[in-house]
Structures are given as structure tokens and as C-alpha cells.
Amino acid sequence: MKIAVLPGDGIGPEIVAQAVRVLNALGQKFDLEEAPVGGAAYDVAGHPLPPATLELAKKADAILFGAVGDWKYDALARELRPEQAILGLRKHLELFANFRPAICYPELTAASSLKPEIIGGLDILIVRELNGDIYFGQPRGIRTSELPLFKGAREGFDTMHYSEPEVERIGHVAFEAARKRGKKICSVDKANVLESSQLWREVMIRISQEYPDVELSHMYVDNAAMQLVKAPKAFDVVVTGNLFGDILSDEAAMLTGSIGMLPSASLDKNNKGLYEPSHGSAPDIAGKGIANPLATILSAAMMLRYSLGMPAEADRIEKAVQKVLAQGLRTADIYTEGTQKVSTVQMGDAVVAALS
Ligand code: IPM
Ligand code: MG
């Protein structure tokens, strides 16, 4: 099994290093190959996604990704900014289905900013479309405005669109996922305002007929943002477009107390995937040894389950993570009084030790 390891920027290298240790401790033979990505790649190769890194990602069976981005690259032209690496990988590899589970571990209920009764036992799955929408829509750019009131002024513009096949393929992935869970799916859109959302909703209703065992509901995105903090446990699977999914998945992640706990998978139609923590590169804490490696370690578990066909090993990692939480070990982001604060490496040590 060939795994492309792309640590990236900020805390990326620190957290990926711990996930790699955990993989190596499973006693299986993995062929791990590392390559630079994001700002780190720009520094050494002049591009956030150099051809060699893209080639490695293409030929690997799965990709373990850290995080990209740092303020020091803010002045670069858009096509050279670190974020282009992850957007480029998603697009080039057709990773259109993004799974972002938001699970509240019982031990971490107190770390959430919401009341325990609202988030205790939370287990929802956001399925975000990742290849379309306003993220990639053309035309886009900065031009001279033709609006009568603002004629001649500079104007930025983007295009939001979804074709029927794009909605169908993410819809099927989400319905299949709901089938394996609580059999409820909420499609989030803005059909009261947007044409693309109206088509999205039509397609979701159409394909729902193939899944009579799954209950489909619809929600406007503003209401979904509200319901997520009001009654998050009412959701099971949420399926939504690229932009709404970006926003709602951060919100859902934070409900659980720490975005440092949540893994994610971005899959193509054959379940080849890129696995990364749901959080970003956190340059403010990079190099301090305090980042939480658990989201990346859990992403490695997701990789074993979804792309590498090794569910037993995935279980072992997830159980080990639960064990270290039960032991009271916490990185700074999930620390609460009465628990034991540990570093990034100590957390990795503990997970490795809990594997056996
Ligand atoms: C995410 C991130 C990315 C996105 C950025 C880094 C381009 O926020 O994975 O959610 O907007 O998709
Ligand atoms: Mg995001």
C-alpha cells in the first residue's frame, strides 16, 4: 500500500509525524513517501503543488495530508498561495465527496462551549461537495463594473453553479452514507434565493426515490447554521454544496469542543482518498509542540477504513484514541481542569502505547 504523506505548513509536520508513528506501529507494511505541499512546497519548488507532489498523490493508494497556509504567504498571487495546493489536489484527483464527521466524545463534553445536554452524544456527518460550486465556477475575476450606480468602479465577481450530474453523484454518496447510519439526510441549500440551489433540491428529491429507507428533509443554509447550535442532535447526515459545507463543517466541528479532534476524508468515485484533519495549519502555535495530533491520527484511521480496506486496523486506532482520552490525557485545546495536559509528541506516544 502506497501512502503519499504531505505534511504541509504550520502545525502540519508535527501532527502528521504522530500519525505516521501510529501507522508504523500497526505492524503492517506501508510504503510511505513524503513530499512538500503548500507554502513549504512554494519555498523549495516555487509552487504550492509542484508536479512531483501531484504525481506522487496520483500514483498513491491514499494521501495523508496535514494542513497548508501561513500568513507569510498572504502577499503571493492567488495561484501561488498555499490553499491552491489542497484545491488543486481535490480538483486534479476528482475528490468530490468530503466526509466531515462531528462527534462529541463523552470525555470532552465539557470542552464544548455549548451545554452538555445539547451536545452530549453528538454524532453527525457532514457530506460536502468538493469539486464544484462558487469555488471553481467560471467566469470569475476583477473587472470594471457596469452597474449604473457604480459604473467604472472595480468589481470582484464569482460564479456559483451546479450541474445535475454533480448533484447526483454527491447525493448518492450521501444517501449511501445515511443508509449505514441513522437513515436521515438533510439537504442544505438556499433554494429561496439561488437558482443553483433550486436545481440542487430538485435533484435531491429525484434521487431520494431510490432510497425509500432514508428520510430526506431540506433546510435553508441560514436556518441550518441556527439549528446546528440549537439542536444539533436532530441531524444525522447533512449533504450540501462546497461553500455552504465549508462554513457549516467548521461550525459543526466546533460544537464538539475541539476542531483538533475531527478527521476528514475526501474521496473520488473509487474511494481513493485524501485524509486530513478538519482544522487548519494554526501557524500561531506551530513549532511549540502543543498541537493536538488526534484529528490527524483519526484521519489515518479513516484512510485505513475507506481507501485501504483495513477496518480492523482502523478500529484499533480509534479504540486507542478513546483509551488515551479515558486516561485523562489532553492537549491544550481540549484541556479542562482535572485532566493531564500533554504535548503533541506525548499524545502520539500515548496512542502508540494504547494500540497494543
Ligand atoms: C477547508 C478549508 C479550505 C476550503 C481552504 C484551505 C481552501 O477551509 O478544507 O475547509 O475552503 O475548502
Ligand atoms: Mg474550511
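A few points about this structure:
- The range 277-295 residues that are more than 17 Å from Gln84 (Cα to Cα), paired with ones that are among the polar types (S, T, N, Q) and outside any helix (DSSP H, G or I) (beta carbon under 6 Å, 6 or more apart): Gly289/Ser343; Asn292/Thr331
- All positions within the range 226-248 that are crowded, with 24+ Cβ neighbours inside 10 Å and among the small types (Gly, Ala, Ser): Gly241, Gly245
- Wholly within the range 93-174, strands (runs of 3 or more DSSP E) carrying at least 2 residues that are over 24 Å from Ile185 (Cα atoms), without any contact (Cβ under 8 Å) to a residue 60 or more places away in the chain and more than 23 Å from the chain's Cα centre (by Cα): 141-144, 154-157
- Restricting attention to the range 269-286, the residues that are of a type in the set (Gly, Ala, Ser), modelled with pLDDT of 95 or more and within 16 Å of ligand 2 (Cβ to nearest atom) total 2.
- Ala225 vs. criteria of a type outside the set (Val, Ile, Thr) and within 15 Å of ligand 2 (Cβ to nearest atom): yes
- Restricting the range 69-92 to residues that are part of a loop (DSSP other than H, G, I, E, B) and not acidic (Asp, Glu), the residue that is nearest to Ile247 (Cα to Cα): Gly69
- Scanning the range 116-139 for residues that are more than 12 Å from ligand 1 (Cβ to nearest atom) and not small (Gly, Ala, Ser) returns Pro116, Glu117, Ile118, Ile119, Leu122, Asp123, Ile124, Leu125, Val127, Gln138, Pro139.
- Output for the range 67-93, where each listed residue is surrounded by 19 or more Cβ atoms within 10 Å (Cβ to Cβ), more than 14 Å from Gly46 (Cβ to Cβ) and of a type in the set (Lys, Arg): Arg90
- Here the condition is being acidic (Asp, Glu), at pLDDT 95 or above and more than 22 Å from Ala300 (Cβ to Cβ); of Asp61, Asp43, it holds for Asp43 alone.
- In the set (1) in contact with a Ser or Thr (Cβ under 9 Å, 6 or more places away or on another chain); (2) of a type in the set (A, V, I, L, M); (3) within 20 Å of Ala174 (Cα to Cα), Ala110 fails one condition alone, (3).
- Within the range 329-346, residues that are over 12 Å from Pro293 (Cα atoms) sit with their Cβ atoms under 7 Å from residues that are assigned to a strand (DSSP E or B) and of a type in the set (D, E, K, R), at 6+ positions apart or across chains, in these pairs: Tyr335/Lys341; Thr339/Arg330; Gln340/Arg330; Lys341/Arg330.
- Flag if Leu93 is within 24 Å of Ser307 (Cβ to Cβ), within 16 Å of ligand 2 (Cβ to nearest atom) and modelled with pLDDT of 95 or more: no
- Selected residue (only one of Asp250, Asp333 is part of a helix (DSSP H, G or I), under 17 Å from Ala111 (Cβ atoms) and away from ligand 2 (no atom under 16 Å from the Cβ)): Asp333
- You will find that of Ser249, Ser266, the residue that is within 13 Å of the chain's Cα centre (by Cα), within 11 Å of ligand 1 (Cβ to nearest atom) and at pLDDT below 95 is Ser249 and no other.
- Screening Ile259 with (1) touching a His at 6+ places or on another chain (Cβ under 7 Å); (2) among the hydrophobic types (A, V, I, L, M, F, W, C); (3) at pLDDT 95 or above; (4) within 16 Å of ligand 2 (Cβ to nearest atom) gives one miss only, at (3).
- Taking the conditions (1) out of contact with any Lys or Arg (no Cβ under 8 Å at 6 or more places or on another chain); (2) basic (Lys, Arg); (3) modelled with pLDDT of 95 or more; (4) more than 12 Å from ligand 1 (Cβ to nearest atom) in turn, Lys72 satisfies each one other than (3).
Residues are listed down the side, and each one gets a yes or a no for (1) assigned to a strand (DSSP E or B); (2) of a type in the set (D, E, K, R); (3) closer than 30 Å to Ser112 by Cα; (4) at pLDDT 95 or above:
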{"site": "Ser196", "(1), (2), (3), (4)": "no, no, no, yes"}
{"site": "Leu199", "(1), (2), (3), (4)": "no, no, no, yes"}
{"site": "Glu202", "(1), (2), (3), (4)": "no, yes, no, yes"}
{"site": "Tyr211", "(1), (2), (3), (4)": "no, no, no, yes"}
{"site": "Ala224", "(1), (2), (3), (4)": "no, no, yes, yes"}
{"site": "Gln227", "(1), (2), (3), (4)": "no, no, yes, yes"}
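The values are calculated or read from the model by the stated rules, or taken from the named source; none is laboratory data. Computed from a predicted model, the values in this text were never measured in an experiment. Note that we place each Cβ from the backbone using ideal geometry, even for glycine, and neighbour counts take in every protein chain shown.
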